[in-house]
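Here is the structure we will look at.
The values are calculated or read from the model by the stated rules, or taken from the named source; none is laboratory data. What you see is a predicted model; the values in this text were computed from it and never measured. In this analysis, Cβ positions are derived from the backbone assuming ideal geometry, glycine residues included, and neighbour counts consider all displayed protein chains.
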Amino acid sequence: MSIATALLGVLAVLLVLAALLGLARGRLVAVTVRGYSMSPVLMPGDRLLMLRGRRRIAAGRVAVVVAPDRELGWKTPADSSPDSWYVKRIVAVPGDPVPAWATRCPGTHVPPGMLILLGERPGSRDSKQWGYCPQDKLIGTVLFRLRAAAAAAEADGDDAEPAPSTR
């Protein structure tokens, strides 16, 4: 194999890696938890890696959604800036039975295009107050925790960047 052929092979691999990185940059987002609605599973200051989009929707997964309007819930257009994101657990997806506690979710099964979301704490604002969350309000699903709150506090101090809320 000549040097030119080897260099072309290396260049091809680098181009493929650059293309994949470019795709991932827009789809992978680091978010910081604020609030206690997902504690003790997630604590304020925890850093999460989120995959944008709706491909990984499943009951039990942790999702990042646009915060609902305080009066009208998810029925209205909402601000989709990172400061208005909520982190909640998906507890039911289309076709799943509606849990008994979800009294604001009419019907016996979750309708197409809807989700039922729940925080880990009883006082969490979620489908208990606002009913179904339309899937188009879902920003992405959490892949894993990048850094726990204690490590985040040591690294970021009081200058933590704005990030989604778990309220």
Scan the range 43-68 and report the pairs whose first residue is more than 16 Å from residue 86 (Cβ to Cβ) and whose second residue is of a type in the set (Phe, Trp, Tyr) and surrounded by fewer than 14 Cβ atoms within 10 Å (Cβ to Cβ), with Cβ atoms within less than 8 Å and a gap of 6+ or a chain change. 49/144
Residue, nearest to residue 33 (Cα to Cα), within the range 135-160, restricted to residues that are modelled with pLDDT of 90 or more and surrounded by 14 or more Cβ atoms within 10 Å (Cβ to Cβ): 142
